[in-house]
Amino acid sequence: MRTTPRRRPGSPATRRTGNAGTTPPGYDSYVRPPLGQGGDKFYDDNEWIGLSLIQNFKSTGNRASLARAAQTFQLVTHGWDTDTTHPCAGGVFWTQAPWSQDRNTVSNGPGAELGLHLYLLTGKKSYLDWAKRMYDWANGCLLAPNGLYWDHIDLAGTIEKTQWSYNQGVMLGASTLLYVATHDPKYLRSARSIASAALAFYQSGKGFTGQPAEFNSIFFKNLLILDAVHPDPSYRAAMAGYADQVWTTYRDPATGLFHFDPTQPVTLLQQGSMVQTYALLAWPRAAYLKLA
C-alpha cells in the first residue's frame, strides 16, 4: 500500500504535486511538470496531506492550512462509491486510477479522521456526517472477527485480508475522535478494543517489526491520541519497546540509518517514520491532541 510523507504546507513538495486543474483539486502521486510527469491521485495520499495540514494548523494557527485541509476533504468525499449495485456499496476508493477499483480501510479511516478534525475545529455538521459514513462503512465491510481490520474489498466482493498496522491505527484514531466529537462512550470502547487487539496481535510473532516502519508510525501516532483521551501506560510502553528494538536491531551505528531489509535500499520514508516515532516519544501527553 502507498503512504505519503508528511509535508510542510506551502513547501515546494506540496506545490509541485498539487493539481488545481482537476475538479475537485488535489495532490498527484508524483511531481508535476516541469520537474516530473505527475501521477494518479490516491485518496489516502491526499488524506495524509490533509491530516498534516490539520496538524500544522493546530501547532501554528495557520488558517491557510485549515482551508487547504477543508479543500482536500472535498476530494475525499468525491471518491465515495455511489453505485449501490456494488458489493458492500459505498466507501471511498483507494485511487482515481482506472487500474484499481478497491475500497480500502486506509482510504476511509483517515478520511473519517480528517472529517472529524474539521468538525471539531469548525463545528460544521456535514464533516461529522461524512466521517460517520466512512467509519461505519469500514466497520460494516472490513472489520474482521478478531477485532482488527482487513485491507480492502474489490468490486467482485473479494476481501484482501492482510491486517496492516496502519489500518488499525486509523480506525482506533477515528473511534477516539468520534468519542471526542459526540461523547458517546461506545466509540471510546471501540478505540480501546482495537488498541488492545492490535497490541496483542503485533506483539506476537515478528511483532511490529514485521510491519513497515511507516505503517507503525501511523499506528503509534493514533495510539497516542487515544492515550490523551484515555491514558493507559501500556500504550506508550509498547511504542517505546518497538523503538528500542528497532534502534538495537536495525540501526547502522556507522551511518545512523535504519536498514530493515539488507537486500533493499534505505528509503527516506523509513527514516522519516522512525524520526517521527522517536520524536513523539519525547512529547508530553498534554500535547498529544495536537496530533492528526
Given charges at Cβ of Lys, Arg, Asp, Glu: the chain dipole, positive-most of His259, Pro231, Ser196: Pro231
Per-residue [θ]222 nm for the chain (sum of -39500 (n - 2.57) over DSSP H runs n ≥ 4, rounded to 500): -18000 deg cm²/dmol
Lysines with Cα under 25 Å of Lys58, excluding same-chain neighbours fewer than 8 positions away: Lys124, Lys125, Lys132, Lys221, Lys290
For the stretch 12-290, size of Cβ-based charge dipole, Lys and Arg +1, Asp and Glu -1, in debye: 880 debye
The chain: C-alpha gyration tensor shape, a/c 1.5 cut-off, then a/b vs b/c: rounded
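None of the figures in this text is laboratory data; all of them are computed from the coordinates on show. Since the model is a prediction, treat every value here as computed from it, not as a measurement. Glycine gets a Cβ as well: all are built from the backbone with ideal geometry, and neighbour counts include every protein chain shown.
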